[in-house]
1. Condition first: under 21 Å from Lys438 (Cβ atoms) and either of a type in the set (Ser, Thr, Tyr) or touching a Leu at 6+ places or on another chain (Cβ under 8 Å) (or both). Now tell me which residues in the stretch 82-114 satisfy that.
2. Could you count how many residues in the stretch 75-109 are closer than 30 Å to Gly157 by Cβ, open to solvent by 20 Å² or more (accessible area, probe 1.4 Å) and touching a residue at least 40 places away in the same chain (Cβ under 8 Å)?
3. Contact list please: Cβ distance under 6 Å, first residue in the stretch 374-389 and farther than 15 Å from Ile443 by Cα and hydrophobic (A, V, I, L, M, F, W, C), second residue outside any helix (DSSP H, G or I) and within 14 Å of ligand 1 (Cβ to nearest atom), pairs at least six apart or on different chains.
4. Could you tell me whether Tyr172 is among the aromatic types (Phe, Trp, Tyr), in the same structural domain as Ala69 (by TED's automatic domain parsing) and at pLDDT 95 or above?
5. Could you check Cys371 against (1) of a type outside the set (A, V, I, L, M); (2) within 16 Å of ligand 1 (Cβ to nearest atom); (3) surrounded by fewer than 17 Cβ atoms within 10 Å (Cβ to Cβ) and say which number it fails?
6. Do you know which of the residues in the stretch 160-198 that are over 20 Å from Asp219 (Cβ atoms) and of a type in the set (Asp, Glu) is least open to solvent (accessible area, probe 1.4 Å)?
7. Could you please let me know if Gln441 is outside the structural domain of Ile181 (by TED's automatic domain parsing) and at pLDDT 95 or above?
8. Does Val245 satisfy the criteria of being within 30 Å of Val391 (Cα to Cα) and modelled with pLDDT under 95?
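The values are calculated or read from the model by the stated rules, or taken from the named source; none is laboratory data. Keep in mind it's a predicted model, so treat the numbers as computed, not measured. Don't worry about glycine lacking a Cβ; one is built from the backbone with ideal geometry, like all the others, and counts go over all protein chains shown. Only protein heavy atoms, including side chains, enter the accessible area calculation; ligands, DNA and RNA are left aside. Shrake-Rupley method; radii C 1.70, N 1.55, O 1.52, S 1.80 Å.
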Amino acid sequence: MKTNIDLNRRSFLKAAGALGTAGVVAAALPGCGEKAAEENADFAQEALGEVPTEGMQYRHFDNLEGVNASLLGYGCMRWPWRTNEQGENTELDQEEINALVDYAIAHGVNYFDTAPKYLKGLSEEATGIALARYPRESFYLATKLSNYHKDDSLQEGKDMLMRSLKRLQTSYVDFLLCHSISNSEGFIKRFIDNGLLDWLCEQRTKGVIRHLGFSFHGDEEAWKLLMEYHEKVHWDFVQIQMNYVDWEYPSEESMTSKRLYEDLAARNIPVVIMEPLLGGRLSNVPDFLAQQLRAQRPTQSVASWAFRFCGSFPQILTVLSGMTYMDHLQDNLRTYNSFEALTEEEFKLLDEVAKVYSGYPIVPCTDCKYCMPCPYGLDIPGIFAHYNKCVNAGNVVSSKADEGYAKARRAFLVGYERAVPSVRQADHCITCGLCMTKCPQKINIPKRMRDIDAYVEKLKQGLEL
Ligand code: SF4
Ligand code: SF4
């Protein structure tokens, strides 16, 4: 397998080396453009062949008695919305959600993961409605004790689980997670000091919770504590962010997926993967990287590489994907209903892609929306999505002298107005910092907003960048 990634990487690093220090760094990316980026995004729709109805791989672990989970799991945090004439989300599109669930189940998916927090609190109910049309024992349901709660009392924890059961129209959940543990202090306050974790263990004994685990977005200290707690409570499974970039090159000082996975594998704890596509970003990598992947497997999408990476590890129970559209679901089914683990050479290729990609000045936003709403009305993920799209397309430049400055300037500014209403743009950030503690990716949101705003102002005024 031959690649020319090193050459392109050198080109990129040379460009990146000339960047300013403002944080909104810029790069002249080789071979990129709006059209190429759109082609990346659309490729899945053109993938060849029928969607196989059979062939899903199922994973079983001795400590998860009776569980035979599909390798592709449905992440229910990105269900489709109905919109009004102004393009604003009004309510979840239950009809479409039912159709997605029907198609997924007909093609072998049996694991569904939701949370009280998802989709402004609407995901559990919509998921419950869709799944209530099937025998309860025919699927696995995961939900969470979210961090977004009234207070840290035991009663609030109990009430949250009871509300989830009601919305999900069930008397038990197969998988219950302590949601998004980010630091030891928060974990102790929320789950230990008030006796909530003990109560959850009791519910597990009673069968209300079939399997107990946690999802993690935290630091080293919190991870060590959680691993110590395995001796006391026995985590049945753990959900981590894992993909071929975070495997060794995570952003913003996060722990590597490799370290998390290996710690869990050493304890024989089954692993559920979240963010296999980094919030969709790995389906739309810069074009010269996408070309390296397509050169190897021309009829498969760029996203399929990320999913094959995740499915190639034996300790994985299921890989969650938040599939909003039928195209996403079908593309993932093509991958998992005729699953081929990565070869050693393909692992090496993805490592090279990851190294290059991690050097891009992209904001590591996964569009989870945990930071929303911003009290000052900013569309935080929308601003980052536009910025990242422009980085991928080569429309973030470092200097007025850059080739293509005029075109890039126009694409950035015109696209910004279209993507984010002016009252929701970065210049409205007052750096209050309220969003910071909510971001599992540990993005310094106010700083990024200041940097993006400064970049936009310079573009508008035609100043040197
Ligand atoms: S720091 Fe900025 S983006 Fe974050 S909540 Fe405050 S105003 Fe909104
Ligand atoms: S900024 Fe952070 S919290 Fe907000 S959507 Fe992006 S990843 Fe999620």
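1. The first filter runs over the stretch 82-114 and keeps only residues under 21 Å from Lys438 (Cβ atoms), leaving 89, 113-114.
Within the stretch 82-114, Asp113, Thr114 qualify.
2. 2
3. Close Cβ pairs (under 6 Å, with a partner that is outside any helix (DSSP H, G or I) and within 14 Å of ligand 1 (Cβ to nearest atom)) amount to Leu378/Cys429.
4. Working: among the aromatic types (Phe, Trp, Tyr): yes; in the same structural domain as Ala69 (by TED's automatic domain parsing): yes; at pLDDT 95 or above: yes.
Yes: the conditions hold for Tyr172.
5. Against the list (1) of a type outside the set (A, V, I, L, M); (2) within 16 Å of ligand 1 (Cβ to nearest atom); (3) surrounded by fewer than 17 Cβ atoms within 10 Å (Cβ to Cβ), Cys371 comes up short only on (3).
6. The extreme case among them is Asp174.
7. No; evaluated as a whole, the condition is false for this residue.
8. no
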